[in-house]
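A single structure is presented below for examination.
Just so you know, all these numbers are worked out from the coordinates, no wet-lab data involved. These numbers were taken from a predicted model, which means no experiment stands behind them. Every residue, glycine among them, receives a Cβ derived from its backbone with ideal geometry; neighbour counts consider all protein chains shown.
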Amino acid sequence: MNTSRIYFTALVLFFAQATIAQDCNLQKTTDDFSGMPKLSSGFIDLQGIDLSIDATGKEIDYFFVIHNPATNCIGTESEAILVFEGGKSKITMRNTGGDNCNGYFHCVMKGGQYTPANVQKLATKKVIAITFSDRNDKKTTISLTQKQQDQLLKLSDCIAKEAKTLAK
């Protein structure tokens, strides 16, 4: 009788873990430049700004595409301010993708065996708004819907957990 309980418990835990892992829906590919394995969320829409979160064994990249023509010239001084639920907590991410007038905003963080602090925060707290500044300090602010908040939280959590599997 005890053995059957143990098997039943193990079976339940196995299916619970499999269900959680299936929720991530990350695309597994190979990085074009390094040839190393890569995970990607694919692009999601956040109030007219596209976001893709990619991870390799060495870095995690939050890649935003801003479609607002008035504020799409991004430079090294450009930043994104992400405000968390409650409005009192926020993080600032700097563009690490170089100068462009395509609205491309990259925030690349060192990955590996440890999750960067910003990714950890994005994986545990809901973002309610994001303000982007371009290289001329023009601002684009978006307020995320509840569904988008949940989606960003879930994708950040998946990337935080799965990126560690790529580190060698």
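Take Tyr114, Tyr104, Tyr62 and order them by how many other Cβ atoms sit within 10 Å, fewest up front.
In order of increasing Cβ crowding within 10 Å: Tyr114, Tyr104, Tyr62.
Give the distance, in whole Å, between the Cα centre of the stretch 20-71 and the Cα centre of the stretch 105-168.
So the separation of the two Cα centres works out to 10 Å.
Within 12 Å, Cβ to Cβ, of Lys121, how many net charges do the neighbouring residues add up to if Lys/Arg are +1 and Asp/Glu are -1?
It works out to a net charge of +1.
Full extension from Asp150 to Phe43: what is 0.36 nm times the residue separation minus their Cα-Cα distance, to one decimal in nm?
Once the chain is fully extended between Asp150 and Phe43, it gains 37.0 nm.
By how many degrees, between 0 and 90 and to the nearest 10, does the Cα long axis of helix 146-163 differ from the longest principal axis of the chain?
Taking Cα atoms only, the helix is inclined about 70 degrees.
Find how much the distance from Ser89 to Asn136 grows on full extension, using 0.36 nm per residue of separation minus their present alpha carbon separation; answer in nm with one decimal.
Fully extending the segment from Ser89 to Asn136 adds 14.4 nm.
Something else: Name every cysteine in the chain that ends up alone, with no second cysteine's Cβ under 4.7 Å, or say none.
Cys107
Okay, next question. What percent does the relative contact order of the stretch 27-166 come to when contacts are Cα pairs within less than 8 Å and at least six residues apart?
Relative contact order comes out at 24 percent.
Also, I was wondering about something else. Treating the beta-carbon of each Lys and Arg as +1 and of each Asp and Glu as -1, no other charges, what is the dipole magnitude of the stretch 12-168 about its Cα centre, to the nearest 20 debye?
That gives a dipole near 480 debye.
Rounded if a/c is under 1.5, else prolate if a/b is larger than b/c, else oblate: which is the stretch 27-166, with a ≥ b ≥ c the root eigenvalues of its Cα gyration tensor?
Oblate, because a/c is 1.5 or more while a/b does not exceed b/c.
Rounded to the nearest 0.05, what FRET efficiency do Asn100 and Lys28 give with R0 = 22 Å and r taken as the Cβ-Cβ distance? Could you check?
The value I calculate is 0.20.
Which order do Ile60, Ile44 fall in if you start with the one that has the fewest other Cβ atoms within 10 Å?
Going from least to most buried by this count: Ile44, Ile60.
Enter the angle in degrees (range 0 to 90, nearest 10) between the Cα long axis of helix 2-22 and the first principal axis of the Cα atoms of the chain, meaning the one along which they spread out most.
Tilt relative to the chain: about 20 degrees.
Name the residue, out of Lys125, Lys88, Lys138, whose mean-square fluctuation peaks in a Gaussian network model built on the chain with Cα pairs under 10 Å.
Fluctuation is largest for Lys88.
Could you list Thr140, Thr131, Thr30 in order of exposure, starting from the residue whose Cβ has the fewest other Cβ atoms within 10 Å?
Thr30, Thr131, Thr140
For the charge dipole of the chain, defined by +1 on Lys and Arg C-beta atoms and -1 on Asp and Glu C-beta atoms about the Cα centroid, which residue among Gly103, Tyr114, Ser133 has the Cα displaced farthest towards the positive pole?
Tyr114
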